[in-house]
Amino acid sequence: MKQIIQNLKTGETILEEIPIPKVKPGHILIQTKASLVSLGTEKMLVEFGKAGLLAKARQQPEKVAMVLDKIKADGLMPTIEAVFKKLEEPLPLGYSNAGIVVDVGQNVSRFKIGDRVISNGPHAEYVLVPVNLAAHIPDSVTYEEASFTVVSAIGLQGIRLLNPTFGETVVVYGLGLIGLLTAQLLKANGCNVIGIDLDERKINMAKSFGVEAINIAQGINPVEYVQSATNQVGADGVLITASAKGDELISNSAQMCRKRGRIVLVGVVGLKLNRAEFYEKELSFQVSCSYGPGRYDDNYELKGMDYPLPYVRWTENRNFQAILSAIAEKRIDVRPLITEKIQFEDYRKVYGELKRKDTIASVFIYSEKEYRPKGPFKIKTHELKAGEGKIGIIGAGNFTKMTMLPILKKVNAPIKYMASSTGRSGTFLAKKYHIPYSTSDYHEILSDPEVELVIITTRHDLHAQMVIEALESGKNVFVEKPLALNREELEQIVQAYQKAEKALMVGFNRRFSPFVQKIKSLIGESNEPINIIANMNAGFIPSNVWVHDPQVGGGRIIGEACHFIDLISFLTSSEVDKVFMSGLGINPDIRTDNASLILKYKNGSQGIINYFSNGSKAYSKERIEVYSQGRTLILDNFRELQGYGFSRFKKLKGKQDKGHQAQFERLIKAMKKGSEALIDFNSILNTTKASFAAIESLQKGCWVTVE
């Protein structure tokens with residue numbers, strides 16, 4: 001299928017060929033019939049991509065601060081590499097889609113194949129969306145009209161926050177696409193509407209909808225006009241739907257409001273508020289978030305958990321339904337807003353001329369095609385050598401893109417497949433690293449007899465299922481940590497592993513770092529107990545991010561601190577016997593990312609892991625201290641190792657190296673020539689069980705023995 005992609009590094013807008021997404025539980029697959037170009041948002045992204053590095057930095061000063069912190073912690077070159085790889089990430093354009101359902105996932109009851117629906121899917125021939133981000137199209141509404149639904153919901157949510165009553169006067173500041181839709185919705189709500197803009201065509205369009213509109217390019221003072229039109233009372237509310245860098249719009253909005261008036265920001269403007277303007281009138285100000293309640297909530301959007309209607313009357317999905325009803329009943333008319341209908345393949349006509357002032361709305365029309373699910377998408381004719389064991393990679397996230405694939409390319413790894421859930425990011429990486437096939441269905445990898453090794457780098461909740469399926473398919477498996485999220489998953493993996501007699505490896509890379517290997521050589525293989533302290537300045541991650549979800553990410557202790565359990569086990573040459581974990585706060589949650597773990601090893605060694613997220617980003621992210629036989633070793637951020645009490649060693653310094661390259665070099669060598677396991681499977685099990693024991697210890701407030 002084809003999809004429009006924006007490259008933020010080069011500024012190029014391309015029509016990319018990628019695999020059709022594979023339907024998954026709680027989702028529907030839609031064949032697109034029409035999609036609306038959101039000129040404001042898409043113009044901003046396209047122009048950002050075309051801007052130089054300095055201009056990009058000026059547009060996002062908060063990101064510059066993050067980059068500077070990363071330079072302090074990780075060094076200049078790793079930071080530069082990370083920034084450029086981030087900019088290379090393919091960005092889909094569009095979010096107002098209308099089409100027909102061609103496939104439904106498990107646990108979907110609201111939709112069936114053949115339903116006409118809208119969604120917030122991008123400009124693509126097929127889109128995969130969760131059920132709460134789709135709604136049925138009434139029979140009387142065309143696909144072109146329906147494609148306005150999601151953009152209209154943005155304006156509707158702003159209106160809901162403003163909460164106007166019948167007969168109130170509301171100013172719509174900015175009569176672009178969202179502004180014109182918002183003005184119509186306000187008129188349908190029984191409001192007197194004053195529209196403000198600089199474009200005469202948009203002014204006339206607003207007037208045709210019964211809006212009292214003024215063109216301030218003609219020298220009209222908007223504050224004086226609104227005050228005069230309201231008999232010096234002022235507007236009851238202002239909805240700002242414009243985009244401007246300065247603070248003038250917010251100041252004008254305050255001045256044109258009546259006492260205790262309301263201002264809602266839907267667009268993007270400067271937010272330097274004048275306290276006196278707001279204080280004297282007791283004005284209310286609020287920023288509107290996209291389509292409505294549920295937006296950016298994974299429980300609502302991805303897991304399909306609806307908010308109860310008696311308590312949250314208008315969710316983003318119910319806003320979609322309200323818009324579709326208004327279009328069907330002719331309470332709003334979107335047809336006059338359509339400036340042009342363009343065939344999807346002619347997309348350059350739109351993106352080459354985004355600055356045209358005569359354009360209000362462009363709609364892409366998609367050609368009629370019969371839906372036929374296809375196998376893996378072939379990138380190029382180049383093939384790997386016959387008889388050589390091939391690799392299939394499942395997961396195209398940041399770790400795969402920024403760390404793993406550059407290393408695998410260096411060691412000439414024979415990769416045949418790149419799988420990603422949408423097909424978009426996987427195709428981008430397949431092209432960049434000359435991987436022959438991209439697919440959105442990882443089962444294509446498992447069924448290919450040429451594939452010898454499967455590498456899994458997906459979200460944590462998919463690891464166990466995919467590991468088991470890969471082992472049962474007769475594949476060797478390398479999976480990024482964690483191996484499993486709970487004991488039940490782990491037991492199922494052990495059973496599949498014992499039956500398959502294939503290698504199973506976990507990405508505990510830090511033990512392969514040259515700095516850690518040096519520590520190991522310095523302390524030797526003695527059974528003498530040692531003390532190790534591992535400090536992890538992990539950095540703050542908002543509580544709503546998936547890594548904190550026990551069912552999806554497992555939490556940061558199971559999902560990330562396991563790295564350090566493995567590292568300490570490697571250095572002590574022993575296994576964890578029992579664990580005690582204490583979390584920050586009076587009643588710490590099991591999802592804590594501020595905790596201290598004490599590990600007691602079978603050979604008497606002790607390990608302490610301080611995993612904190614409340615430290616400064618400017619400080620080193622990882623620090624390891626080893627105490628053994630009157631000697632001390634300090635490893636700072638995997639960049640510098642210092643020794644104390646050693647007669648022939650004082651310091652080892654170099655670029656940051658957390659062991660990824662050595663790990664993958666050994667993995668590929670083992671795959672091609674055969675060798676012992678990179679990490680003993682019993683050690684992997686012990687580390688995984690120790691992470692579970694840490695959570696149990698926090699819950700019970702006592703030491704927990706590792707089974």
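None of the figures in this text is laboratory data; all of them are computed from the coordinates on show. Predicted model, so just to flag it, every value in this text is computed and none were measured. Note that each Cβ is placed from the backbone with ideal geometry, even for glycine, and that neighbours are counted across all protein chains shown.
Fewest neighbouring Cβ atoms within 10 Å first, the residues T359, T182 line up as T359, T182. Residues F364, F540, F580 in ascending order of nearby Cβ atoms (within 10 Å, fewest first): F540, F580, F364. Inter-label distance, E676 to I541: 3.3 nm, where each label sits 7 Å from its Cα along the C-beta direction. Taking 0.36 nm per residue of separation and subtracting the current Cα-Cα distance, fully stretching the chain between C289 and S325 would add 10.8 nm. When the pairs K378/K617; K600/K650; K112/K689; K245/K369; K22/K658 are compared against a 32 Å limit on Cα-Cα distance, K378/K617; K112/K689; K245/K369; K22/K658 fall above it. Between the beta carbons of K650 and Q465, assuming R0 = 45 Å, the FRET efficiency works out to 0.40 to the nearest 0.05.
Which of C257, C562 has the fewest other C-beta atoms within 10 Å, and how do the rest follow up to the most?
Values: C257 28, C562 25.
Least crowded to most crowded, the residues run C562, C257.
When shorter helices are ignored and each DSSP H run of at least 4 residues is given -39500 (n - 2.57), the per-residue value for the chain at 222 nm works out to -9500 deg cm²/dmol. The Cα center of region 125-196 and the Cα center of region 469-528 differ in position by 53 Å. Put a dot 7 Å past the Cα of C702, heading toward its Cβ, do the same for L309, and the two dots end up 5.0 nm apart.
The stretch between T10 and K378 holds 130.0 nm of extra length on full extension. This uses 0.36 nm per residue minus the Cα-Cα distance.
For region 154-287, the square roots a ≥ b ≥ c of the C-alpha gyration tensor eigenvalues yield an a/c under 1.5, which makes the shape rounded. Rounded to whole numbers, the Karplus 3J(HN,Hα) couplings from phi for region 295-301 are 5, 6, 9, 4, 4, 7, 7 Hz, using 6.51 cos²θ - 1.76 cosθ + 1.60 with θ = phi - 60°, and x at Gly and Pro.
Applying both filters, DSSP loop and at most 16 other Cβ atoms within 10 Å, to the chymotrypsin sites (Phe, Trp or Tyr not before Pro) of region 157-231 gives F166.
The base-10 log of I(q)/I(0) for the chain, evaluated at q = 0.09, 0.10 Å⁻¹, reads -0.91, -1.07 [Debye formula, identical scatterers on Cα atoms, solvent excluded]. Among the trypsin sites (Lys or Arg not before Pro) within region 604-663, those in coil by DSSP and having at most 11 neighbouring Cβ atoms inside 10 Å are R648, K650, K655.
Shown in residue order for region 211-228 are the 3J(HN,Hα) couplings computed by the Karplus curve 6.51 cos²θ - 1.76 cosθ + 1.60 at θ = phi - 60°: 8, 7, 10, 10, 9, 6, 5, 8, x, 6, 7, x, 5, 5, 5, 5, 4, 5 Hz (x for Gly and Pro). Quick check for you: which residues of region 552-575 have the amide N under 12 Å from the point 7 Å beyond the Cα of I590 toward its beta carbon? 552, 554-555, 558, by backbone N distance to the label point. Taken along the Cα-to-beta-carbon direction at a fixed 7 Å, the label points for R487 and R348 span 6.2 nm.
Residue separation of V268 and Q551 scaled by 0.36 nm, minus their Cα-Cα distance, works out to 98.3 nm of gained length. Compared with the dominant principal axis of the Cα atoms in the chain, helix 149-162 is inclined by about 80°.
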